[in-house]
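Every number in this text was worked out from the coordinates using simple rules, so none of it is lab data. The shown structure was predicted, so the numbers you read here are calculated from the model rather than taken from an experiment. Using ideal geometry, Cβ is built from the backbone for each residue, glycine included, and neighbour counts are taken over all protein chains shown.
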Ligand code: UTP
């Protein structure tokens, strides 16, 4: 059985992005004119996923509205004969059927994933964090699914993180099996620099076997009273092999202010109608 379902947790409070996240989900912050979560949904579809569950919370209506039909806007654009914009708007709502599950309280990423258990049933599934964007011709989730198909085990995407950032990540200890691929030996949530078992941090892309739900249920609240996904992964690793894959691509943490700015700049540099103007402007301000 291959991976056809994905869970996108998007119910966090986004405190690093206050005050805007007081009334707006951070997953809807625009990378110029496209919300971050659009790229995440697109990555799932481009990886062969055809069933998406978004975990939402309070103040997250904007996500549902974004992926829904918008009859008034569509009628307006049709009346004005603005067919390009009309087809762009219609394409978004026809991307895929999305199911929404509410996480009543933001009790952690592990709890958010657990909310999807009934919908996933007994299949392997992908998890894509709603505020992490990865750019690459082969989508990051596809890369993980390819590893899953070889080993039929859970897989985490990891990348080297700067030394001063290890305390912000789940850091893995792994046995190198081949280029880019590791067998997970341990994972530690947000370790101090001196306690980190490596410099490889888990980013927001995973493929899990169904047994992750059992492991999460047995996981009590950890750091900050939240159910940590990392603790569930550790527990799962006691019963099953888990792999860590150094994915190929460029990842942006758009829930972090600098990561968000980088995502916007790189996206503008990729767009023919913005690139030259942006470079000219940057030259002007940097020289100033
Ligand atoms: P983060 O830790 O980056 O999200 O979780 P956060 O808690 O919203 O952010 P800060 O640190 O307060 O700024 C990663 C992903 O997990 C989701 C978030 O929405 C984000 O996409 N999440 C987190 C949940 O769905 N539920 C939670 O209880 C916590």
Q. Can you give the translational diffusion coefficient of the stretch 131-254 in µm²/s, computed by Stokes-Einstein from the Kirkwood radius over Cα pairs at 25 °C and 0.890 mPa s?
A. 167 µm²/s
Q. What is the fewest-to-most order of 61, 251 by other Cβ atoms lying within 10 Å of their Cβ?
A. 61, 251
Q) In whole Å, what is the distance between the alpha-carbon centres of the stretch 58-130 and the stretch 132-193? A) 27 Å
Q: Extending each Cα 7 Å along its Cβ direction at residue 277 and residue 150, get the distance between those two points in nm, one decimal.
A: 4.5 nm
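List the equivalent ellipsoid semi-axes of the stretch 25-132 in whole Å, largest first, each obtained as the square root of 5λ for an eigenvalue λ of the Cα gyration tensor. It would help to have the intermediate numbers written out before the result.
Numbers: eigenvalues 155, 46, 32 Å².
Gyration-tensor ellipsoid for the stretch 25-132: 28, 15, 13 Å.
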Q: Compute the label zone of residue 269 within the stretch 152-168: residues whose backbone N is under 14 Å from the point 7 Å along Cα-to-Cβ.
A: none
Q. Sorted from fewest to most neighbouring beta carbons within 10 Å, what does the list 158, 166 look like?
A. 166, 158
Q. What residue among 36, 196, 116 has the largest mean-square fluctuation in a Gaussian network model of the chain, using Cα springs under 10 Å?
A. 196
Q. Using the count of nearby Cβ atoms within 10 Å as a rough guide to exposure, how do 254, 230 rank from fewest to most?
A. 230, 254
Q. With each run of n ≥ 4 DSSP H residues scored as -39500 (n - 2.57), what mean residue ellipticity at 222 nm is computed for the chain after dividing by its residue count and rounding to the nearest 500 deg cm²/dmol?
A. -10500 deg cm²/dmol
Q: Rounded to the nearest 10 degrees, what's the angle between the helix 83-93 long axis and the longest principal axis of the chain, both from Cα atoms, 0 to 90?
A: 20 degrees
Q. Where does the chain land on the Kirkwood hydrodynamic radius, alpha-carbon pairs, in angstrom?
A. 20.0 Å
